[in-house]
Amino acid sequence: MIEQTVFALLSIIIYTYAIFPAICILRGRFFPEPWKCESVQPSVSIVIICHNEADVIEQKLNSLCDLHYPRERIEVIVGSDGSDDETEKIVSDYSRLSVKLLSYTRRGKIPALNDAVQHASGEILVFTDANSDFDPEALQNLVRHFADPTIGCVAGNQVYSKGKKSGSAAAGEKSYWNYDRILKEAESAAGNAISATGAIYAIRHQLFQRVPSGVTDDFTISTRVILQGFRLVFDKDAIASEPVAGKPKAEFRRKVRVMTRGFRAVWTVKALLNPAKYGFYSVQFFSHKLLRRLVAFPILLLLLLTPLLWQQGGWLADLAVVQWIFYLSAFAGVLFEDRLGKYKAFSIPLFFCLANVAAINAALNFLSGRTIETWDSPRPVPHQVSSHLTQDAGAE
């Protein structure tokens, strides 16, 4: 009985992290669905929603100034969600670029985002975070896909800045995003990427729908494009860079918040789980977004069975030893963060555990009906820690 249970749990875990990605990569290589991609320059509204971003907002605007795109075709809108630091002053005094500042009382990112879009006039809406700096070619690479009328949303490529101070989960988070980037490229090549990340993505203005409260806005906005019959594709060359993970405790709280909203977002677009209408994307949706989070429960159960595995002997005892080594490495990564956190042998197990424990917390939040409307999410920036409203692909 124990062996059959372990086999079932391992099957779920291996499918989630290995078999499903392999299927996506093979589909992308052998069954591609190409689309037209050429140089176009539609009018663009870049929308940034922020709260207390004085440490990074000027650098963000500078990166927009350096875009290789006609300045007269760009409109920049900064929606301040109740900022009480120097954010609004920095934006209003900024002279290198024409920026429309919208000052709101503190309500949360989504109400501010919905209101800010009403002031946008561009054919294309580009959403981004205040701490994500655009590569000079990022905007041109994003919009070139809209030369194809079937493309409704383009997800950009979030990468992590080099040389910034980061926490002990940093190498693990970088490895995760490298893995996720390969998966998104393959999914996109064969039909649709799973979703966009808040650091950088673009949609056709007419496809934007007001975002409901309590969800991850990037996931909801991008996947609703598929619900409307358009494609969602990924461009690895549309690059936005941002700092990597902070300290494990702060990063854990951030992931719980993001995943809690992520579960609610999945519920709002649950129609995408219908394979009769959405084909393989429904498999992607279930495996990449839902099972990737719920697999934390089989992982936990397998850990709880460790004493029984050791008693069984044979390959089950070997599995118990592997688990002990893995989780002790994660624990050591936390306990000796300054010395061991930079090594992947410790940071990858730490990030894996952090993400899955956060997923369990988020699932319980969702089932209990808990919602999270506003938050301050600390991450390292060049000079000091900044608070902002960042959503992961996120993360997802």
> Do you know which residues across segment 156-194 are modelled with pLDDT of 95 or more and touching an Asp or Glu at 6+ places or on another chain (Cβ under 7 Å)?
Replying inline: Gly156, Asn157, Ala190, Gly191, Ala193, Ile194
>> Would you confirm whether or not segment 194-213 contains a residue that is under 16 Å from Asn141 (Cβ atoms), small (Gly, Ala, Ser), in a loop (DSSP other than H, G, I, E, B) and touching a residue at least 24 places away in the same chain (Cβ under 8 Å)?
In response: yes
> Condition test on Ser63, is it at pLDDT below 95 and surrounded by fewer than 20 Cβ atoms within 10 Å (Cβ to Cβ)?
Replying inline: no
>> For segment 201-218, give me each residue that is β-branched (Val, Ile, Thr) and over 10 Å from the mean Cα position of the chain (by Cα).
In response: Ile203, Val211, Val215
> Taking Tyr179 and the conditions (1) buried (at least 20 other Cβ atoms within 10 Å of the Cβ); (2) outside any loop (DSSP other than H, G, I, E, B); (3) of a type in the set (Ser, Thr, Tyr); (4) touching a helix residue (DSSP H, G or I) at 6+ places or on another chain (Cβ under 8 Å), which numbered condition does it fall short on, given that it satisfies the others?
Replying inline: (1)
> Does Leu125 satisfy the criteria of being modelled with pLDDT of 95 or more, within 10 Å of Val47 (Cα to Cα) and either touching a His at 6+ places or on another chain (Cβ under 9 Å) or of a type in the set (Asp, Glu) (or both)?
Replying inline: yes
> Any idea which residue in segment 222-252 is farthest from Gly198 (Cα to Cα), counting only those that are buried (at least 23 other Cβ atoms within 10 Å of the Cβ) and among the hydroxyl-bearing types (Ser, Thr, Tyr)?
Replying inline: Thr223
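The rows are residues; the columns are (1) of a type outside the set (Ser, Thr, Tyr); (2) closer than 21 Å to Arg204 by Cα; (3) touching a strand residue (DSSP E or B) at 6+ places or on another chain (Cβ under 7 Å); (4) touching a residue at least 60 places away in the same chain (Cβ under 8 Å).
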site	(1), (2), (3), (4)
Ile49	yes, yes, yes, yes
Glu58	yes, no, no, no
Leu61	yes, no, yes, no
Glu88	yes, no, yes, no
Tyr94	no, no, no, no
Gly122	yes, yes, yes, yes
Leu142	yes, yes, yes, yes
His145	yes, yes, yes, yes
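The values are calculated or read from the model by the stated rules, or taken from the named source; none is laboratory data. Everything quoted here is computed from the prediction, not taken from an experiment. Cβ coordinates were reconstructed from backbone atoms using ideal geometry, including for glycine residues, and neighbour counts include every protein chain displayed.
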